[in-house]
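Let me begin by presenting the structure, written as structure tokens, before commenting on it.
Please treat every number below as a calculation from the coordinates, not as lab data. All values reported here derive from a predicted model rather than from experimental measurement. Quick reminder, even Gly has a Cβ in these numbers, built from the backbone with ideal geometry, and neighbours come from all protein chains shown.
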Amino acid sequence: MEDFIKKCPKVELHAHLNGSLSIETLQKLAIIKYGKSNSRFKELCDDFRNFEDHSMSECFQKFKFAHELTSTLECLREATLLAIKEFSEDNVVYLELRTTPKSTEEMSKRDYLENVLLAIKKASEDYPNILVKLLPSIDRSQGLDSAEEMFSLVLDFLEDDRFKDIIKGIDLSGNPTVGNFGVYKNLLVRAREASLKLALHCGEVENPSEITEMIEFGMDRCGHGTFISGENFELLKEKKIPVECCLSSNVVCGTVKNFNEHHFKRLLDANHPVVICTDDLGIFNSNLSSELTIAFNTFSLTIDDLRKVITNAVNCSFAAEEDKSDILKKIEAFFI
Ligand SMILES: CNc1ncnc2c1ncn2[C@@H]1O[C@H](COP(=O)(O)O)[C@@H](O)[C@H]1O
Ligand SMILES: [Zn+2]
């Protein structure tokens, strides 16, 4: 089955750029940045792979490693290209990447966003089998000023003919135990008015009042949705908000005890639009094929279920209608 899933054309809707850098990619970046790799790098890799207390904070510590290696423009462009290459090698035919623009000694946030967009354009030539879109992220732990700065860059790039078709929406992410949603509402309203879609991390940790506030506000897709229950779950269903489930991410971060208890099955059984995503394949040492294989095996899915989950992903993607129908054709042809 693993082989069948690997060959299947797939759609990835929830992938953070810096979390999607495999160990091999990080190693290549380390060589570009520091010259030859050394034994310290191996230690860092071992550290990176080991999870001791399965907590959200441990997971967030690990991003620092990737961020250090994407702090130059050359490394950032290369990281973006390599991430896309690896998704393409896994037969992902449509990818929505998300990332929070950062400023470093070598670049401004504008440089960051522009260079990620340039790398996505380059990837369309180097890896023509995968169509890539970008959802710039608000990091909820960084506060409103930082989000406003990012949003004004996004508005500028939406006016730029080179990039306007690449940016499809806004992601709200970042450590869910820090910051609060309400602060970003007004900005998100303006994003909607600019025709951007909203993919919001919601209910990754237990916070019922924030979950209610977010679902009432509305979103085009919900990231994780782990702790959405009771009336909030009913409201989610009523509003038919698709949920992006990230199995390994939730189990490794300790928000779901084990794969068997993952809410993915509850959503699938409720016939709710649900998709499987990787979140941070570098951090969780997985890829989309392995996440789908975990879902298939854990929940004894049928081929029809698999087809449904992958088709759901196309339908709730932020792709243009004609791109959606091209992708659906590829998937249909595979399942015949
Ligand atoms: C594990 N669950 C998660 N929950 C919330 N936010 C997450 C996340 N995983 C990743 N991110 C967000 O994505 C950033 C890394 O990619 P970029 O530097 O933006 O490319 C993290 O710093 C965090 O803000
Ligand atoms: Zn995420």
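Roughly how far apart, in whole Å, are the Cα centres of region 122-198 and region 11-43?
Centre-to-centre distance over Cα atoms comes out at 24 Å.
Under 5 Å between amide hydrogens, which residues at least 5 positions from Leu131 or on another chain qualify, with H placed 1.01 Å from N in the peptide plane?
Tyr94, Leu95
Would you work out which of Ser209, Cys245, Asn287 lies farthest towards the positive end of the dipole of the chain, given +1 charges on the beta-carbon of Lys and Arg and -1 on that of Asp and Glu, about the Cα centre?
Value computed over the given set: Asn287.
Measure up Lys237/Lys330; Lys257/Lys324; Lys109/Lys265; Lys6/Lys122; Lys85/Lys324 against 32 Å on the Cα-Cα distance and list the ones that go over. Each step should come with its number before you reach the end.
On the way: Lys237/Lys330 29 Å; Lys257/Lys324 35 Å; Lys109/Lys265 39 Å; Lys6/Lys122 25 Å; Lys85/Lys324 21 Å.
Lys257/Lys324; Lys109/Lys265, as the Cα separations exceed 32 Å there.
Just tell me which aspartates and glutamates come within less than 17 Å, Cα to Cα, of Lys329; anything on the same chain fewer than 8 places away is out.
Glu12, Asp304, Glu321
Take peptides 183-193, 59-69 and line them up by average Cβ neighbours within 10 Å, highest first, as a rough protection proxy.
Going from most to least packed, we get 59-69, 183-193.
At 222 nm, what helix-only mean residue ellipticity would the chain give, in deg cm²/dmol to the nearest 500, using -39500 (n - 2.57) for each DSSP H run of four or more?
-16000 deg cm²/dmol
Taking only Cα atoms and a 10 Å spring cutoff, compute GNM fluctuations for the chain and point out the largest among Leu21, Leu134, Leu44.
Leu44
Provide the per-residue ³J(HN,Hα) series for region 62-75, in order, calculated from phi with Karplus coefficients 6.51, -1.76, 1.60 and θ = phi - 60°, each as a whole number of Hz, with x at glycine and proline positions.
Karplus-based 3J(HN,Hα) across region 62-75 equals 5, 5, 4, 4, 5, 4, 4, 8, 10, 8, 10, 4, 4, 5 Hz.
What is region 156-313's relative contact order, in percent, from Cα pairs under 8 angstrom and six or more apart in sequence?
This gives 15 percent for region 156-313.
Nothing charged except the Cβ atoms of Lys and Arg (+1) and of Asp and Glu (-1): what's the magnitude of the dipole of region 87-140 about its Cα centre? Round to the nearest 20 debye.
Approximately 300 debye in magnitude.
Assuming a ≥ b ≥ c are the square roots of the Cα gyration tensor eigenvalues, decide whether region 46-121 counts as rounded (a/c under 1.5), prolate (otherwise, with a/b larger than b/c) or oblate. Each step should come with its number before you reach the end.
Working: a/c = 2.19, a/b = 1.23, b/c = 1.78.
Judged from the Cα gyration tensor, region 46-121 comes out oblate (a/c at least 1.5, b/c at or above a/b).
Full-extension gain between Ser57 and Asn297, please, as 0.36 nm times their residue separation minus the C-alpha to C-alpha distance.
83.5 nm
Calculate the dipole size of the chain relative to its Cα centre from +1 charges on Lys and Arg beta carbons and -1 charges on Asp and Glu beta carbons; express the result in debye to the nearest 20.
Once rounded to the nearest 20, the dipole reads 420 debye.
May I ask you to derive the relative contact order of the chain, considering only C-alpha pairs under 8 Å and at least 6 residues apart, and to give it as an integer percent?
It rounds to 21 percent for the chain.
I want to verify a result. In a Gaussian network model of the chain, Cα cutoff 10 Å, which of these has the top mean-square fluctuation: His201, His54, His14?
His54
Can you give the net charge of the other residues whose Cβ lies under 9 Å from the Cβ of Leu82, counting K and R as +1 and D and E as -1?
Once all neighbours under 9 Å are counted, the net charge is -1.
Would you kindly derive the ³J(HN,Hα) couplings of region 166-181 from the backbone phi angles with the Karplus curve 6.51 cos²θ - 1.76 cosθ + 1.60 (θ = phi - 60°), listing them in order in whole Hz, with x for Gly and Pro?
8, 7, 10, x, 10, 9, 10, 9, x, 3, x, 8, 10, x, 9, 4
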